Amino acid sequence: MNYTFQWGEAILFLPDLLAGAIVTLHLSFLGFWSGATIGLFGAMGKTYGSPLVKRLINVYVIFFTNTPGLVTAFFIFYGLPEFGILLTPYQTVLLNIALNAGAYMTEIMRGGFVSVRQTELEAATAMGFGLLQRLRYVIVPHIAKVLFAPLSSYYIWIILGTSIAGIFGVEELTGRAFIAAAESFRSIEIYLIAAAIYVVITIIASAVLVVIGRRVFRVKMKVF
């Protein structure tokens, strides 16, 4: 191997890569919470909805959980304009993350709904709680504790999944790495630095989630 590493040239692009990491973080944050909202209502629909509602949600879940995220992103980016819906690359990726996350979290949260003890639901019903009140005071607190660990792991997966945004010209971490590698011709160094930044981001995010899980929900979690 005759390749000579020139880290000095690659390090010059570190500020650009870190700026891209910021975009990665808020893209994953917004995508996760958008998906969590979809998942919550999807799980509620699959648990308490009519047969028609359950079938429609099943179609949505089956489609997005059995289709590569990149394929659905291309469909949104190139297909929606045919119907007069124009989205920026950032909006395209965010919508794609939200829809994919929503499908997966529908199934994850449905497990949480099912795990709620029937006696708790019966007690809430006896107290005159409606469905939304049961959701707010009984179901959500329960599934927040039960599902915090798997949802935390899924959030880390979303952080890494934002890398497809670079394909659509979004200048998150991978997108900035594309540009830096093309400008510097130091692809190996640039992508190694980008990989190191991803490792640092995921470790910090995992550590923060572990602290939240232990202190707020009393969930036993470890970073590794």
For volume of the Cα convex hull per residue in Å³, several values are listed as (1) 153; (2) 127; (3) 119; flag the one computed from this structure. (1)
Relative packing of peptides 97-107, 7-17, 160-170 - highest average C-beta neighbours within 10 Å first: 97-107, 160-170, 7-17
With only helices counted (DSSP H, runs n ≥ 4, each -39500 (n - 2.57)), the per-residue ellipticity at 222 nm for the chain, to the nearest 500, works out to -24000 deg cm²/dmol
Cβ-placed point charges (K, R +1; D, E -1), dipole of segment 29-177 about Cα centre in debye, nearest 20: 420 debye
Portion, in percent, of the accessible area of the chain that falls on carbon or sulfur, probe 1.4 Å: 70 percent
Among the helices of the chain (complete DSSP H runs), which have Cα atoms covering no less than 20 Å along the helix axis and a Kyte-Doolittle mean of at least 1.6? 187-216
As straight-line cross-link partners of K145, the qualifying lysines (C-alpha separation under 22 Å, not fewer than 8 residues apart within one chain) are K46, K220, K222
Would you mind getting the accessible area per residue of the chain, heavy atoms of the protein chains only, 1.4 Å probe, in Å²? 56 Å²
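The values are calculated or read from the model by the stated rules, or taken from the named source; none is laboratory data. On a predicted model such as this, the values are computed, not experimentally measured, just so you know. Reconstructed Cβ throughout: ideal geometry from the backbone, glycine too, with neighbour counts over all protein chains shown. Just so you know, the surface numbers come from the protein's heavy atoms only, side chains and all, with ligands and any DNA or RNA stripped out. Shrake-Rupley method; radii C 1.70, N 1.55, O 1.52, S 1.80 Å.
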